[in-house]
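Please read the structure below before turning to the comments.
Read-outs throughout are calculated quantities, based only on the coordinates presented, and are distinct from any laboratory measurement. It should be emphasised that the depicted structure is a prediction, and the values quoted were computed from it without experimental measurement. When we count neighbours, we look across all protein chains shown, and the Cβ atoms used for this are built from the backbone with ideal geometry, even at glycine.
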Amino acid sequence: GENEINVIPGQFITFMIDGIGARAYSILEKDGKILKFIIKKIELENGGRGGSKFLCEQKVGAELKGIGASGNFVLKQNNLNKLFLGTGTGFVPLFAQIKDLIENDFSGKIKFVFGVREAKDLFHLDEIQKLKNISKNFDFVVYLSQEENQSFKKGYILEEIKNSKEFEEAYICGSPKMVDDAKKELLKNGFDEKNIFEEKY
């Protein structure tokens, strides 16, 4: 649109799609008046509800109705070491937050622990590498739950929490079960509940 939208990293846009309804998608990044998203297309026969299919099939120049940016899953302004835990499309708001921290010369440590089933499910790794090139305080750890691969760890992202004792603040985004399990594990490992922030998809 003509008007620039104010976006805080971690927020989302709710698209109003005729015949389907409201569907919220996290904003990957904002470039001037352009908002970028990563949307996983899920076909109806695979349990999709139509929103991602509709959006992924739009042609350049199509006009869409949306509300936002909205959402309270945003970074706290402090210098605490930050741990980010995500699975699947939970990558998007976490990446937006990490990019913002690094581009604004955040002085603390950042660790992003990301989980997918197999290596073929990974995406946007080139952009992660760019951030690693900028910041020596940024660590990116990948867990594959269903594949052995020498480049990545095998297992689940929660296993990394015990290796993250130097972190004081956590941001979690993923399925409701993953978020709840991660929160329990963080509390068990000494995190203060007031320093744990979550978004379920």
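For the range 82-200, what does the relative contact order come out to in percent, with C-alpha contacts under 8 Å and a separation of six or more?
Details: 185 pairs, mean separation 35.4, N = 119.
Relative contact order, the range 82-200: 30 percent.
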Taking the Cα-to-Cβ direction at K59 and at K33 and moving 7 Å from each Cα, how far apart do the two end points lie in nm?
2.2
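Of the beta bridges DSSP finds with both residues in the chain, what % are antiparallel, to the nearest 5? Let's see the in-between values first.
Working: 14 of 39 bridges.
Approximately 35 percent, going by the DSSP bridge assignments.
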Calculated from the structure, semi-axes √(5λ) of the Cα gyration tensor in Å equals which of (1) 40, 20, 14; (2) 28, 20, 16; (3) 26, 22, 18?
(2)
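Pull out the extension gain between K154 and M16, defined as 0.36 nm times the separation in residues minus the alpha carbon to alpha carbon distance; nm, one decimal.
On the way: separation 138, 0.36 × 138 = 49.68 nm, distance 3.88 nm.
Gain on extension, K154 to M16, equals 45.8 nm.
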Once you've got the Cα coordinates, tell me which of K40/K200; K162/K183; K109/K130; K136/K200 are over 21 Å apart.
K136/K200
When L55, L144, L85 are ordered from fewest to most other Cβ atoms inside 10 Å of their Cβ, what list results?
L55, L144, L85
In units of 2.2 N^0.38 Å, the Cα radius of gyration of the range 12-70 is 1.11
Please list, ordered by chain and number, the residues whose modelled amide H lies under 5 Å from the amide H of V113; skip anything fewer than 5 residues away on the same chain.
F84, L85, G86, V141
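Just rank V60, V116, V92, V74, fewest to most, by other beta-carbon atoms within 10 angstrom. Walk me through the numbers on the way to the answer.
On the way: V60 4, V116 21, V92 26, V74 17.
Going from least to most buried by this count: V60, V74, V116, V92.
Assuming R0 = 22 Å, what is the FRET efficiency of E193 and K165, from their Cβ-Cβ distance, to the nearest 0.05?
So, using R0 = 22 Å, E works out to roughly 0.85.
Across every pair of different alpha-carbon atoms, what Kirkwood hydrodynamic radius in Å does the range 82-200 reach? Walk me through the numbers on the way to the answer.
Details: mean 1/r = 0.0698 Å⁻¹.
One over the average 1/r among Cα pairs gives 14.3 Å for the range 82-200.
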